[in-house]
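Read the structure below first, then the notes.
The values are calculated or read from the model by the stated rules, or taken from the named source; none is laboratory data. None of the values given here were measured: they were computed from a predicted structure. Don't worry about glycine lacking a Cβ; one is built from the backbone with ideal geometry, like all the others, and counts go over all protein chains shown. Heads up: the accessible areas ignore ligands, DNA and RNA and are worked out on the full protein's heavy atoms, side chains in. Shrake-Rupley method; radii C 1.70, N 1.55, O 1.52, S 1.80 Å.
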Amino acid sequence: MQLYDTLTRGKQELPPTPGPIRMYTCGPTVYQRIHIGNARPFVISMWLRRWLAERGYDVNLVENITDVNDKIYNAAPGHSAELAAQASQWYLDDTERLGLGRPDHEPKATETIPEIVALIEELVRGEFAYEARGDVYFRVARFPEYGRLSGQRPEQLEDDDPSPLKEDPRDFALWKATKEGEDTSWDSPWGRGRPGWHIECSAMAEKFLGPSFEIHLGGLDLVFPHHENERAQSQAAGREFARLWMHNGMLEFVGEKMSKSLGNVASLHDVIEQWGRETILVFFLTGHWSKPIDFSDETLAAAAARVEGFREVFRGPSESGPAGAWERFEAALEDDFNTPDALAVMHGWRDHELLRRALDIFGLASLAEEQDAPPKVVELAKQRQEARAARDFDEADRLRAEIEAAGWEARDVADGFQLVPR
Ligand SMILES: [Zn+2]
């Protein structure tokens, strides 16, 4: 199987089965309900995990939760720990509703402090980092590879977190001394403080996957500085770290990058409430993971129509698929996990067993299960059938309208009737 790798700017072959395939995905910073854009890396990671397992790989997926961060301090001054605990639970509840299962490990940054401190100490000992009044900074000048992942040249880099304590404006914080108003802090060789964002991921990946692993995944907005910095820290400390870097494309909201700062907030929770999990999953299938995807009422409605199309296949008789159907489906996924191509291959399938097997990879086997109509509607359908048998077509029409008002459609089939949700 091949996947596109940001570092080498080309497709890379995965090792042969059974691997192992060790994967790390950057999870959310928890300070509010996650937005629909944050669901994309979770969905892609879980699908890829399911597909690799289906192919016979031994997969270990880690997706972290960043529960200490400036965003959380700013969102709840003096109460950041409570907010982070609440928002972690929202994240777990909302992603659970996608019906894709869970990653193998979901570590929290606040539960990984000893490992983070130990890694920073190692970097300080190797002179890759330095202490300055309780802060610790990574010394970018000591890592000549810096900028290779993101393709940025050192002289182009802007300082997004200026501080007079830095030796060089490109340096970034590994540890931050506690500031006034921050309600969480931990002991360290440099005094009370808390970790920087980037070092958390380096430490959590290593804790669960070891010093080298096959795949690192995250949103395209994380390439710089987050992933560039993760890589610099871990490689400076002598670890191989990630071998392949996958970056998913962003959700575009009416043509603009969906960002909370623009006020375009659509939480995963609200989108599930409005459209249901199956429509959201099919929506994500329609876009290649590495490309941007348009999020709008139109694209969601199109996904809902496809969901109904799949349900419709299972209402009809099963017909065996065209020769080589599964092989074509497999080939689409093996070539850079191309879900839109896989979806196109599945389009004409009427073979129930084949279609259910493919849908199951994406958490959509539920589309093969017909929803049961409530007893009241079944009773109306029976009365309608009797009215038709007695050639009382006015009564049959009246009953049909009543069934439709209850949200169902009565269809006449050879051995009676079939009730289908409208
Ligand atoms: Zn990360």
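Measuring how big the stretch 1-128 is from its alpha-carbon positions, Rg and Dmax come out at 17.2, 50 Å. Our estimate of slack between residue 81 and residue 308, defined as 0.36 nm per intervening residue step minus the Cα-Cα distance, is 77.4 nm. Entry note, the stretch 73-141: relative contact order of 12 percent, from Cα contacts under 8 Å with a spacing of 6+ residues.
The angle separating the long axis of helix 80-96 from the principal Cα axis of greatest extent in the chain is about 40 degrees. Using R₀ = 60 Å, calculate the FRET efficiency as 1/(1 + (r/R₀)^6) where r is the Cβ-Cβ separation of residue 404 and residue 161; round to 0.05. My answer for the efficiency is 0.50. Applying a threshold of 19 Å to the alpha-carbon distances of 71/179; 11/207; 108/179; 71/207; 166/207 flags 11/207; 108/179; 71/207; 166/207 as lying beyond it.
Distance from the Cα centre of the stretch 164-205 to that of the stretch 1-77, in angstrom? The distance from the Cα centre of the stretch 164-205 to that of the stretch 1-77 comes to 24 Å.
Taking the alpha carbon gyration tensor of the chain, multiplying each eigenvalue by 5 and rooting it gives semi-axes of 50, 24, 17 Å, largest first. For the stretch 402-408, putting each phi into the Karplus relation 6.51 cos²θ - 1.76 cosθ + 1.60 with θ = phi - 60° gives couplings of 5, 5, 5, 5, 7, x, 10 Hz, in residue order, rounded to whole numbers and with x for Gly and Pro.
Note the full-extension length gain between residue 327 and residue 152 as 0.36 nm times their separation in residues minus their Cα-Cα distance, in nm to one decimal.
Details: separation 175, 0.36 × 175 = 63.00 nm, distance 4.02 nm.
Residue separation times 0.36 nm, minus the Cα-Cα distance, leaves 59.0 nm.
Take the chain with all the other protein chains still there, run a 1.4 Å probe, and you get 45 Å² of accessible area per residue.
Give the relative contact order (percent, whole number) for the chain; include only Cα pairs under 8 Å separated by 6+ residues. Don't skip to the end; give the middle numbers.
On the way: 680 pairs, mean separation 65.8, N = 422.
Answer for the chain is 16 percent.
Note on the stretch 105-227: Cα Rg divided by 2.2 N^0.38 Å, N the number of residues, gives 1.06. Between the beta carbons of residue 125 and residue 291, assuming R0 = 51 Å, the FRET efficiency works out to 0.75 to the nearest 0.05.
Quick one: pull the percent of accessible area on the chain belonging to carbon and sulfur, 1.4 Å probe, ligands and nucleic acids left out. Intermediate results must be reported in sequence, preceding the final value.
On the way: 9050 of 18820 Å².
The computed percentage sits at 48.
In this simple spin-label approximation, residue 411 and residue 92 carry label points 7 Å from Cα along the Cα→Cβ vector, and these lie 4.2 nm apart. Around residue 102, under 13 Å between beta carbons, what's the net of Lys plus Arg minus Asp minus Glu among the other residues? Charge balance in the 13 Å sphere: -3. The largest accessible area among 207, 166 belongs to the first residue in 207, 166, and the rest follow in falling order (1.4 Å probe, all chains).
Only protein heavy atoms count here; under a 1.4 Å probe, residue 116 has an accessible surface of about 0 Å². Neighbours of residue 145 by Cβ distance under 11 Å: Lys/Arg scored +1, Asp/Glu scored -1, total +2.
Calculate the FRET efficiency for residue 180 and residue 270 from the Cβ-Cβ distance with a Förster distance of 35 Å, rounded to the nearest 0.05. Could the numbers behind the result be given before it?
Values: r = 36 Å, r/R0 = 1.02.
Here the calculated transfer efficiency is 0.50.
Which parts of the stretch 175-189 would a label at residue 133 reach, counting a residue when its backbone N lies under 12 Å from a point 7 Å out along Cα-to-Cβ? The answer is 177, whose backbone nitrogens lie closer than 12 Å to the label point.
Applied to the stretch 192-198, the Karplus parametrisation 6.51 cos²θ - 1.76 cosθ + 1.60 on θ = phi - 60° returns per-residue 3J(HN,Hα) values of 5, x, 8, x, x, 5, 5 Hz, with x for Gly and Pro.
Contact order for the stretch 1-71, expressed relative to its length and based on alpha carbon pairs under 8 Å spaced 6+ residues apart, stands at 40 percent. Relative to a virtual label point 7 Å from the Cα of residue 319 in the Cα→beta-carbon direction, which members of the stretch 349-370 show backbone nitrogen distances below 11 Å? Output list for this probe position: 349-351.
For a protection proxy built on the mean count of beta-carbon atoms within 10 angstrom, sort 7-14, 308-315, 216-223 highest first, please.
Values: 7-14: 13.1, 308-315: 15.5, 216-223: 20.4.
By packing density, highest mean first, the sequence is 216-223, 308-315, 7-14.
For the chain, find the longest principal axis of its Cα atoms and tell me its angle to the long axis of helix 36-54, 0 to 90°, nearest 10. Between the helix axis and the principal axis of the chain, the angle is about 80 degrees.
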